[in-house]
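Peer 1: Next up is a structure, given as structure tokens.
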Amino acid sequence: MTNQNVVVSDGKSGINMAITAAAVSGSSLFTTAAQKPPAVPGTSYITISKKKLLQNLDINAAAAACGGGGARINAWVDSMRASSPTHMKSPPPLSGDHQTSWTMQHPSALDMFEQITNASKGKQIVMFLDYDGTLSPIVDDPDRAFMSESMRATVRKLARYFPTAIVSGRCRDKVYSFVRLAELYYAGSHGMDIKGPSKGSIHKKGAEAVLFQPASEYIPMIDEVYKALLEVTKATPGAKVENNKFCLSVHFRCVDEKKWIELAKQVGSVMEGYPDLRLTQGRKVLEIRPTIKWDKGKALEFLLESLGYANCADVFPVYIGDDRTDEDAFKVLRERGQGFGILVSKTPKETNASYSLQEPTEVMAFLRRLVDWKKSALRNQFRMRRRLEEINMFLPN
Ligand SMILES: [Mg+2]
């Protein structure tokens, strides 16, 4: 087996795998030095011990050495379990201190609304929104992950005031069929399929309609693996394979949890023949995509560049997402030192996001406040301009 098949999202496989394994063992409340968020005065940060990190690196090495065997399959499933909704309803018991520490490190974006908008003053806010679990609730049937009319109306208003992109692991056409707003940017297949608004956007800074597909050469391979996965997973009731054009999702949402290992083994058996593909876990889903270094973080950077904000100091990107794959985008924002990531989660999770929101209803409340704040700011600007014009009229020449 090659490292591409290990449960990681990028080339820094050792560290990320260590994080996965530790999360499985119930201590998901840690960070590593490399990912440590900025210090908040008066709070302590939980760090993983060196001994534990080395222990987890051993697990990684063992999983890699066994060539795709049981350890690797178990790690996939355990990691998926740790981030799946049913488990988040009954998370492992946490001490009050841990919960408080996490909340202090990742406070509610609603509670911190004024601080966020103050930090954005004089800058152009650009909004990036994940779809599943962020704009729509996670439901058993992925084909029925509809967003509410009120959420759609909110996102429509949002796009009037800020450039807005939907960034999803889903096929772009699929996510568009759920959102149905032509004025947005869409980055489907984890950012491997990007398109600009099909309806005139007022936010373009000289950019043409974007269309970027860095993994198009993989389409035949993805089709082939899709067919193979459909065949092998037939035996597992409830298993659903989704073809996202540039990547694939194997949904575990409707599969009896006792059958998860069996289904993961079926996926693993197909993956063994494709070293150019890699596998990541999400909430009740295993995702397969090309090994190319392209993810939601790269998509965010590409879209900022397309909008004309490549090297601008006056841009303020806000990315809201709930899944492990969104961490790539949170990390980009942290590294750029621009804007913020907001994690949608009811429970503490290791994350590069700065703030948190608990569920899609809170996301909607946050987006509405953002729209109201911008409207009011524009109204004040308009009044101020009128006042100045009136004063100028009465001033002697
Ligand atoms: Mg999501």
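Every read-out reported here was derived from the displayed coordinates using simple, explicitly stated rules and does not represent laboratory data. This is a predicted model, so every value here is computed, not measured. Note that each Cβ is placed from the backbone with ideal geometry, even for glycine, and that neighbours are counted across all protein chains shown.
Peer 1: Which of the aspartates and glutamates could a cross-linker span from K227 if the Cα-Cα distance has to be under 12 Å and same-chain partners fewer than 8 positions apart are dropped?
Peer 2: E242
Peer 1: Sorted by packing (mean other beta-carbon atoms within 10 Å per residue), highest first, where do 331-339, 137-145 land?
Peer 2: 331-339, 137-145
Peer 1: In sequence order, what are the phi-derived ³J(HN,Hα) couplings for the stretch 350-359 according to the Karplus relation 6.51 cos²θ - 1.76 cosθ + 1.60 with θ = phi - 60°, rounded to whole Hz, with x for glycine and proline?
Peer 2: Values per residue, Gly and Pro as x: 5, 8, 9, 6, 8, 10, 9, 9, 7, 7 Hz.
Peer 1: Charges only on Cβ, +1 for Lys and Arg, -1 for Asp and Glu: so what's the dipole of the stretch 262-397 about the Cα centre, in debye to the nearest 20?
Peer 2: Computed about the Cα centre, the dipole is about 600 debye.
Peer 1: Shifting gears a bit: Any chance you could check the Cα centroid distance between the stretch 114-148 and the stretch 337-376 for me, in angstrom?
Peer 2: When both Cα centres are located, 7 Å separates them.
Peer 1: Express the relative contact order of the stretch 190-312 as a whole percentage, based on alpha carbon pairs under 8 Å and six or more residues apart in sequence.
Peer 2: Here the relative contact order equals 28 percent.
Peer 1: Please list 3J(HN,Hα) in residue order for the stretch 120-125, calculated via the Karplus relation 6.51 cos²θ - 1.76 cosθ + 1.60 where θ = phi - 60°; whole Hz, with x for glycine and proline.
Peer 2: Per residue, the Karplus-derived 3J(HN,Hα) values read 8, 3, x, 10, 8, 6 Hz.
Peer 1: Could you give the size of the charge dipole of the stretch 211-317 about its Cα centre, using +1 on the Cβ of each K and R and -1 on the Cβ of each D and E, expressed in debye and rounded to the nearest 20?
Peer 2: 420 debye
Peer 1: Now for a different question. Leaving out same-chain residues fewer than 8 places away, which aspartates and glutamates sit with a Cα under 15 Å from that of K258?
Peer 2: The qualifying aspartates and glutamates are D78.
Peer 1: Per residue of the stretch 133-138, in order, report the coupling 6.51 cos²θ - 1.76 cosθ + 1.60 (Karplus, θ = phi - 60°) as ³J(HN,Hα) in whole Hz, putting x for Gly and Pro.
Peer 2: So the Karplus estimates, Gly and Pro as x, are x, 10, 9, 10, x, 6 Hz.
Peer 1: Do the alpha carbons of any pairs in K284/K346; K245/K346; K123/K199; K157/K195; K284/K349 sit beyond 22 Å of each other, and which pairs? Please list the in-between numbers first.
Peer 2: On the way: K284/K346 16 Å; K245/K346 31 Å; K123/K199 25 Å; K157/K195 20 Å; K284/K349 16 Å.
Violating the 22 Å limit, Cα to Cα: K245/K346; K123/K199.
Peer 1: Could I ask something else about it? Could you order peptides 104-111, 127-134 by the average number of other Cβ atoms within 10 Å of their residues, highest first?
Peer 2: Working: 104-111: 18.2, 127-134: 24.0.
Averaged packing, sorted descending, gives the order 127-134, 104-111.
Peer 1: Would you pull out the residues with amide H under 5 Å of Y131's amide H, same chain only if 5 or more places away, H placed 1.01 Å from N?
Peer 2: V167, G169
Peer 1: Please list the non-local residues whose amide H lies under 5 Å from the amide H of M112, H modeled 1.01 Å from N, same-chain partners needing a gap of 5 or more.
Peer 2: none
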